[in-house]
Structures are given as structure tokens and as C-alpha cells.
1. Looking only at segment 189-219, which residues are surrounded by fewer than 16 Cβ atoms within 10 Å (Cβ to Cβ), in contact (Cβ under 8 Å) with a residue 40 or more places away in the chain and under 27 Å from residue 146 (Cβ atoms)?
2. I'm trying to understand the selection: among the residues of segment 147-163, which are surrounded by 12 or more Cβ atoms within 10 Å (Cβ to Cβ) and under 25 Å from residue 372 (Cα atoms)?
3. What is the one condition in (1) within 16 Å of the ligand (Cβ to nearest atom); (2) without any contact (Cβ under 8 Å) to a residue 40 or more places away in the chain; (3) of a type outside the set (Phe, Trp, Tyr); (4) farther than 22 Å from residue 443 by Cα that residue 141 does not satisfy?
4. Select from segment 101-129 the residues that are within 7 Å of the ligand (Cβ to nearest atom) and in a loop (DSSP other than H, G, I, E, B) and list them in ascending order.
5. Run down 432, 482, 444 and say which single residue is touching a residue at least 12 places away in the same chain (Cβ under 8 Å) and on the phi > 0 side of the Ramachandran plot.
6. For segment 50-104, which positions are over 29 Å from residue 400 (Cβ atoms) and among the polar types (S, T, N, Q)?
7. Could you tell me which numbered condition residue 282 fails, if it satisfies all but one of (1) more than 16 Å from the ligand (Cβ to nearest atom); (2) under 27 Å from residue 333 (Cα atoms)?
Amino acid sequence: MNISDLAATDWDAVVVGTGLGGATLGLVLARHGKRVLFVEKGRDLGLEKAAIRGHVVEADPLFGGSHEDQREALRRGGRRVDEVEIGGLPVRPELGNGTGGSSALHGGVLERFFPGDFAAWPITYRDLVPWYARAEELYGVKGERDPLRVEAGAPLAAPIPAGAATEALRAALTERGLHPYRLPLACRAVPDCSACQGFLCARACKNDADRMALRPALALGASLATGCEAVSLEASPSRVTGVACVMDGRSATLRAGVVVLAAGALATPALLLASRPGGWDRGLANGSGLVGRNLMRHGIDLWALPGAPRLGHPGDAKALGFNDLYETPRGKLGTVQSFGTLPALEAVLAHRSPVLRLLAPFARALWPVLSAVPILATILEDLPQTSNRLEFAEGRPRITYRPSPDDERRRAIFREELRPRLAGLRPVLVSGRDAPKALGHVCGTCRFGEDPATSVLDPWNRAHGLDNLYVVDGSFFPTSAGINPALTIAANALRVGEHLAERM
Ligand SMILES: Cc1cc2nc3c(=O)[nH]c(=O)nc-3n(C[C@H](O)[C@H](O)[C@H](O)COP(=O)(O)OP(=O)(O)OC[C@H]3O[C@@H](n4cnc5c(N)ncnc54)[C@H](O)[C@@H]3O)c2cc1C
């Protein structure tokens with residue numbers, strides 16, 4: 001369908017974005033027989049014959065070409081092309097842009113939050129438990145339950161195979177009094193699955209939002225417009241009346257009974273701030289002034305363990321997690337988990353200094369050895385601060401993000417607490433700072449809550465003051481928790497989708 005045909009239809013729901021939030025919610029509405037249109041800015045990666053799969057875009061020959069070749073490589077790899085200003089520099093956030101959104105690139109660790117993570121949320125862990133279970137089923141999650149959780153949920157399907165290195169590391173962690181378990185992963189059990197992250201899966205074994213939610217919704221009659229960008233929303237003071245889009249260079253306004261934003265925690269607030277219909281001078285849904293604020297992203301450290309057995313099986317790279325340091329007497333820290341495979345050397349060297357590139361031949365010789373060293377990632381909860389935000393400055397999106405002194409203090413404690421627990425495995429902290437572009441876990445920019453003065457969305461993810469506008473991507477988190485966000489986004493989208501279907 002071209003954009004004129006899309007604009008000539010009265011949709012029950014227009015869903016902007018096909019990541020975990022949008023595709024999951026759209027599937028629920030399609031199951032209820034609603035006429036759903038998904039609007040996706042990126043490509044249809046299910047149909048894209050020239051898609052870059054099985055390696056990071058930076059390692060693809062096309063990426064080495066002209067500026068326009070680079071942009072085309074990013075599009076083919078399902079990656080975001082647009083830049084944002086961070087710290088005065090243009091930065092391209094490493095996020096998904098294409099069907100499935102960031103889930104097409106992610107590592108697929110689908111973990112529940114802990115009950116204590118909901119302290120500042122308008123819903124409880126118990127409210128989300130049934131939806132967590134359904135989301136785990138929908139996304140085919142395989143692995144083990146965390147032995148430290150009191151309310152862990154029913155056993156999951158058996159984890160994907162791993163090798164002797166995983167068993168040896170598990171034994172070593174257990175000997176040190178830790179409680180490791182096989183990570184819950186959203187993937188098919190195909191031979192040699194390596195739970196790849198950072199790029200599109202070559203074997204289509206990742207259970208991402210495209211395969212598990214968008215395609216089933218399309219099979220039920222939903223429609224998909226790719227290469228279609230929502231640029232602003234039209235509204236009366238109490239209802240959204242249209243979604244202005246650009247597709248193939250042509251503009252039109254789409255009409256729907258309900259509009260669901262799921263463009264991700266950077267693009268959704270950007271869209272709201274760019275929409276200023278009458279009565280919404282600070283941006284649509286921005287009565288609280290909090291749209292774009294409270295941006296969180298996690299503090300992530302990487303620890304190499306040269307004293308542990310070398311990884312020898314594809315399943316070893318993303319195999320183990322433990323939560324012994326999640327909530328400690330010194331404060332909430334976060335989860336610890338296998339990082340996954342190292343990216344190709346080309347990706348590590350891309351855009352680095354000429355000196356580093358000169359060292360490339362040596363690095364190339366060493367890389368196979370280095371990339372077999374197990375790496376653990378720690379995920380620190382960063383607390384919301386209104387000064388951390390996405391805003392428009394001179395018409396361009398800009399991110400301001402500084403960890404609070406308390407975030408810095410807990411990060412130092414995390415390191416202090418973890419190092420002795422890994423003694424004997426020769427832990428080396430290999431990344432001490434978060435790269436500005438590493439925004440994979442970004443959230444919080446349209447927080448939900450009871451009070452319209454202190455939140456953007458109500459507890460059903462409906463924008464305060466707007467009867468038919470919902471936001472279901474990672475923007476709605478009031479706090480980031482010290483754990484991967486994807487399962488909570490998907491579970492909440494199921495919860496909101498069922499509620500919404502009843503109202504429509
Ligand atoms: C490399 C990587 C690894 C990760 N690993 C994990 C992991 O192992 N476990 C975990 O829990 N989380 C992980 N994450 C985070 C997780 O993938 C995201 O939190 C989650 O997928 C976000 O889903 P979302 O629905 O909020 O938005 P997104 O997935 O970002 O989807 C937004 C969609 O909207 C589209 N869009 C944007 N703007 C517009 C517009 N104006 N018009 C139309 N469409 C638009 C985008 O193209 C995109 O498809 C990872 C992320 C990355 C990048």
C-alpha cells in the first residue's frame with residue numbers, strides 16, 4: 001500500500017515502531033480482530049534480501065565505502081542511522097531500526113525484574129507475573145531460573161547447549177559461594193546457536209519481535225508500512241486525531257481510533273516534543289514537563305577472566321548469570337552475566353586512531369585468543385534524574401546524561417564487591433566507562449505513574465490528558481532496575497494490549 005491508501009483507511013490502531021513494545025502490543029490487538037497498522041521507519045528485515053546478517057555492520061565491506069554506503073550498510077543491518085548530539089558531538093546510538101527494532105540486534109537475555117524493583121512503579125511485580133509468564137512463552141525463552149529468587153516462576157524450556165567451559169566456569173563461581181544459572185535466552189534451539197548480539201542473526205534463530213510478534217500479527221490481518229516515518233502527531237486538547245508520516249518522500253496523515261507510540265525511548269519523546277498542537281505548547285502529553293526527562297541507560301562494566309577456561313562452544317559466550325550482588329547491604333547494585341561474543345576486530349577498530357589501526361595486524365593475530373576469554377558484564381541500576389534528558393536544541397535532538405554521585409558510588413562498590421569474588425580467575429576490568437553510543441538499554445523518558453504532575457503516562461500507559469494515546473516502549477520505566485529491560489517491555493505490552501482491546 002502506498003501512503004495515500006494508508007491515509008484513506010480508518011484504522012482501529014496505528015502502532016508506531018515494531019520493536020518489543022509495538023509488535024507485542026499490536027499482536028494482542030490483531031488477535032482481538034482489530035484493524036492494526038504498524039508504521040516502521042526502518043526496512044522490512046524479513047524481506048530484505050541484501051540484509052547484513054551474521055556479523056556487525058562495521059565489519060561489512062559496504063561500510064568501508066562512501067558516507068552514503070555507510071548509511072546504506074546501517075539500514076541493511078537494521079541499525080539506526082540518525083545521529084543525536086551527546087556531549088557536544090554527533091553520536092549514532094547503537095539501536096535497532098527496522099522490523100523487530102532493537103530486539104533484532106539484542107542478546108536475547110529475557111529476565112524478569114525483582115519484586116523490589118517495582119518500589120517506585122504504579123504496578124507491582126505480582127501485577128506483572130502473569131504477563132511475564134505469557135511473554136516468556138511468546139518469545140520461547142530457554143534457560144534456568146535464578147536460584148536466588150523466591151518467586152522465580154515455572155521452569156523454563158531447557159537451555160541451549162553449551163560446552164565444557166561453561167560447566168567449568170559455573171563450578172568455579174559456585175566454589176566461590178556464588179549462585180550461577182543458565183541465562184534465560186529468547187532463541188530457537190538450533191545447532192551451534194551462539195545467541196549473537198549486535199547484529200542480525202544469520203540463521204534467523206533469534207526469537208525477536210519481528211519473528212515472534214510482528215509476523216504472527218500480519219498473518220492475522222494486520223498491515224505493515226516500512227520506510228514510513230511518523231514525524232508528528234495531530235491532536236485536539238484531549239485526543240490524538242492523526243499521525244503525520246512521510247513515506248517514499250510523500251507526506252500524509254494517518255487516522256486511527258487509538259495511537260500507540262513504540263518508537264523507542266529516544267524517538268518516542270522526540271516525536272512528542274516535535275508535536276505542538278493547540279493546548280500542548282510544551283509538546284504533546286507534556287503537561288508534567290517530564291517528556292524526555294529521567295533518561296536512564298544502565299552503567300555497564302566488562303570483566304575479562306583470563307584465568308577461566310577458554311570458550312570452546314558457540315553456546316558458551318552467553319551462558320551464565322548470577323544475582324548475588326543484586327541487592328546488598330551496601331545498596332542495590334545489579335546483575336552479572338556473560339557478555340557474549342566479542343565483535344569482529346574490524347568493528348573494534350572502525351573509526352579508531354591511526355595508531356590503533358597500525359596495530360591491526362598484531363591485533364588480528366591475537367584476536368582469536370582474546371575472543372575466547374570469558375567476559376562478564378555487570379549491569380548497574382542508574383537512578384532517574386530530571387536533568388538527564390533528551391531535548392531539542394536548535395531543532396536538533398540532544399542528550400544530556402551524567403551519572404549521579406550515588407550511581408558512581410554504587411558502581412565503585414560493585415567493582416569492590418565483585419573483584420574478590422572472582423579471585424583466582426584473574427578478573428580484569430576491560431571497560432570502565434560507558435560509550436556514549438551504547439544506549440541499548442535506554443529507558444525512562446515518558447515515565448508512568450498515578451500523578452499527572454509527576455508522570456507522563458497513567459498506570460495503563462495512557463498519556464495523562466489524552467484519551468487515545470498510549471506509549472509502550474522502554475520510555476515508560478520509572479526506574480531502570482539492575483537487569484535487562486526487554487522482557488519487562490514485552491510483558492507490559494501484553495498487559496496494556498489486553499486492557500486496550502477491552503476498551504476499543
Ligand atoms: C546490541 C543490543 C543488545 C541488547 N541486549 C539485550 C538483552 O540481551 N536483553 C534485554 O533485555 N535487552 C537487551 N537490549 C535492549 C533491548 O533490546 C531494548 O530495550 C528493547 O528491544 C527496546 O524495545 P522498544 O520497543 O522499547 O524499542 P525499539 O526496539 O528501539 O523499537 C523502536 C522501533 O521504532 C522504530 N521507529 C523509531 N522512530 C520511528 C518513527 N519516527 N516512525 C516510525 N518508526 C520509528 C525503530 O526503527 C524501531 O524499529 C539490547 C539492545 C541492544 C541494542
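1. Residues satisfying the conditions are 189, 192.
2. Across segment 147-163, the qualifying residues are 159, 160, 161, 162, 163.
3. Result: residue 141 passes all but (2).
4. Kept after step one, since they are within 7 Å of the ligand (Cβ to nearest atom), are these residues of segment 101-129: 101-103, 105-111.
Within segment 101-129, 105, 106, 107, 108, 110, 111 qualify.
5. On the way: 432 fails: on the phi > 0 side of the Ramachandran plot; 482 fails: on the phi > 0 side of the Ramachandran plot.
The match here is 444.
6. Across segment 50-104, the qualifying residues are 66, 99.
7. So the condition that residue 282 fails would be (2).
Table: residues versus (1) more than 30 Å from residue 170 (Cα to Cα); (2) touching a helix residue (DSSP H, G or I) at 6+ places or on another chain (Cβ under 9 Å); (3) hydrophobic (A, V, I, L, M, F, W, C); (4) part of a strand (DSSP E or B).
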position: 402; (1), (2), (3), (4): yes, no, no, no
position: 408; (1), (2), (3), (4): no, no, no, no
position: 413; (1), (2), (3), (4): no, no, yes, no
position: 419; (1), (2), (3), (4): no, no, no, no
position: 441; (1), (2), (3), (4): no, yes, no, no
position: 467; (1), (2), (3), (4): yes, no, no, no
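The values are calculated or read from the model by the stated rules, or taken from the named source; none is laboratory data. Treat the numbers as computed from the prediction; the structure is a model and nothing was measured. Virtual Cβ from ideal backbone geometry, glycine too; neighbours counted across all protein chains shown.
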